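Colleague: Okay, handing you the structure first.
The values are calculated or read from the model by the stated rules, or taken from the named source; none is laboratory data. Because the structure is a prediction, the values reported are computed rather than measured. Glycine gets a Cβ as well: all are built from the backbone with ideal geometry, and neighbour counts include every protein chain shown.
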Ligand code: NAP
Ligand code: F7E
């Protein structure tokens, strides 16, 4: 059988790096779209850089997408690129809409124009459920987004459904709940905690400033979640799928697990900073992944505790090895 080619937007991100590894293992020819920035950051894909083809393009520029599809002719596209940090979406709501919402239309339109047989995966998000209308959340739960990011993802979701229904595209939306890994961006809460715990354990800092500890999330391992993305595009018909663990844990529980793994008491080190609270919070997320289980045969392999301890261990090792991390604390606070 001829080798399949996949295009990944957002290949430099957490999920993009795991998906690229996974697709290479499946024998794919992997093309990754990266945007032009002053210093190209390939940290997460350094180890596979010689096995993938990187091409410059941007979700803000439709002509760049059309050129990439025309030149590379992928059979599958995984649209993972987005402005993905929720607090930034209040500070940059228009940019968030341009990439996270309209960027999806630009890619779908490029597919329609260049090759409507391309299979398309859209990275939808549990943030679309926001102020949840039922518990647990499934593919049938109505959306009620609580941030410009969530609103943009709702647009991305429905334009995917619309292009499927209007033009018959094989366009699928994966509604993924939170997933982290040792490659998670430093500003997301589970990584902020794991890196903070590692720094405290090694005596490099004493306090970790966080926001709302009562928020609850359904958190899995990114390496498990990219498998689900691929399974979705192997189905005969496009559809929507919730991908989640079915468990929910508070941020306080994340702290307890992470600090106790390092032999520390979280209550001695976690301090509250109101500037990490959000103008509108998503209090509780817990997904019902039964459709993904039944139709895709997907289930998560890494538990909540395994994920958190894996992240703490990885950050302790990285700091001990002399790796330096940017301090993102000041720039990720919301101005009041
Ligand atoms: P991430 O680590 O923040 O990666 C985002 C990627 O998008 C980066 O490669 C970034 O490139 C790229 N990007 C941003 N704006 C772009 C633009 N205008 N044009 C081209 N590329 C652009 O996010 P992630 O955690 O891997 O998440 C992947 C996707 O899943 C995102 O769409 C996210 O919203 C969604 N999602 C994530 C989760 C989660 O818990 N991780 C859950 C549900 C949905 P640079 O490296 O240049 O910044
Ligand atoms: O916040 C609370 C915060 O920024 C999780 C993205 O991947 O998942 C992610 O979005 C919770 C929130 O992720 C801090 O208030 C407390 O309730 O790690 P987060 P998120 O907003 O859930 C979804 C599914 C996506 O699609 C997104 O792309 O933790 N929290 N204290 C904090 N959060 C942060 N970041 N920092 C704190 O200090």
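Colleague: So, residue 271, is that one in a strand (DSSP E or B) and touching a strand residue (DSSP E or B) at 6+ places or on another chain (Cβ under 8 Å) or not?
Modeller: Taking the combined requirement at face value, the residue satisfies it.
Colleague: Kindly indicate whether residue 143 is without any contact (Cβ under 8 Å) to a residue 24 or more places away in the chain, crowded, with 19+ Cβ neighbours inside 10 Å and within 14 Å of ligand 2 (Cβ to nearest atom).
Modeller: Details: without any contact (Cβ under 8 Å) to a residue 24 or more places away in the chain: yes; crowded, with 19+ Cβ neighbours inside 10 Å: yes; within 14 Å of ligand 2 (Cβ to nearest atom): yes.
Yes: the conditions hold for residue 143.
Colleague: With within 10 Å of ligand 2 (Cβ to nearest atom), farther than 19 Å from residue 14 by Cα and touching a residue at least 60 places away in the same chain (Cβ under 8 Å) as the only criterion, which of 219, 233, 210 stands out? Give the steps one after another, and end with the answer.
Modeller: Details: 219 fails: farther than 19 Å from residue 14 by Cα; 233 fails: within 10 Å of ligand 2 (Cβ to nearest atom).
None of the others qualify; the one that does is 210.
Colleague: Condition test on residue 327, is it without any contact (Cβ under 8 Å) to a residue 12 or more places away in the chain, within 16 Å of ligand 2 (Cβ to nearest atom) and assigned by TED's automatic domain parsing to the domain that holds residue 196? Before the answer, list the steps.
Modeller: Numbers: without any contact (Cβ under 8 Å) to a residue 12 or more places away in the chain: yes; within 16 Å of ligand 2 (Cβ to nearest atom): yes; assigned by TED's automatic domain parsing to the domain that holds residue 196: yes.
Criteria met by residue 327.
Per-residue answers, yes or no, for (1) buried (at least 20 other Cβ atoms within 10 Å of the Cβ); (2) near ligand 1 (Cβ under 8 Å from one of its atoms):
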{"residue": "12", "(1), (2)": "yes, yes"}
{"residue": "23", "(1), (2)": "yes, no"}
{"residue": "26", "(1), (2)": "no, no"}
{"residue": "32", "(1), (2)": "yes, no"}
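Colleague: Can you pull out every residue in the stretch 12-48 that is away from ligand 2 (no atom under 16 Å from the Cβ) and assigned to a loop (DSSP other than H, G, I, E, B)? Let's see the steps before the verdict.
Modeller: Within the stretch 12-48, the first condition is being away from ligand 2 (no atom under 16 Å from the Cβ), and the residues that meet it are 20-43, 45-48.
Answer for the stretch 12-48, where residues must be away from ligand 2 (no atom under 16 Å from the Cβ) and assigned to a loop (DSSP other than H, G, I, E, B): 26, 27, 28, 35, 36, 37, 38, 39, 40, 41, 42.
Colleague: Then there is this: Return the residues of the stretch 274-288 that are within 14 Å of ligand 2 (Cβ to nearest atom) and part of a loop (DSSP other than H, G, I, E, B); say none if nothing qualifies.
Modeller: Hits for the stretch 274-288 are 277, 278, 279, 280, 281, 282, 283, 285, 286.
Colleague: Would it be correct to say that residue 195 is more than 20 Å from residue 242 (Cα to Cα), at pLDDT 95 or above, crowded, with 20+ Cβ neighbours inside 10 Å and within 16 Å of ligand 1 (Cβ to nearest atom)?
Modeller: So residue 195 fits the description; yes.
Colleague: If you check residue 95 against the conditions, is it within 16 Å of ligand 2 (Cβ to nearest atom) and surrounded by fewer than 20 Cβ atoms within 10 Å (Cβ to Cβ)?
Modeller: So residue 95 passes the test.
Colleague: In the stretch 251-271, how many residues are farther than 15 Å from residue 191 by Cα and within 9 Å of ligand 2 (Cβ to nearest atom)?
Modeller: Selection size over the stretch 251-271: 0.
Colleague: Give the number of residues within the stretch 66-96 that are closer than 28 Å to residue 145 by Cα and within 14 Å of ligand 1 (Cβ to nearest atom).
Modeller: Count: 17.
Colleague: Among the candidates 299, 247, single out the residue that is under 27 Å from residue 201 (Cβ atoms) and at pLDDT 95 or above.
Modeller: 247
Colleague: Surrounded by fewer than 17 Cβ atoms within 10 Å (Cβ to Cβ) and away from ligand 1 (no atom under 14 Å from the Cβ) - does that describe any residue in the stretch 221-228?
Modeller: No - not one qualifying residue is present in the stretch 221-228.
Colleague: Please verify whether residue 232 is modelled with pLDDT of 95 or more, under 19 Å from the mean Cα position of the chain (by Cα), closer than 16 Å to residue 192 by Cα and crowded, with 19+ Cβ neighbours inside 10 Å, treating the condition exactly as stated.
Modeller: Answer is no for this residue.
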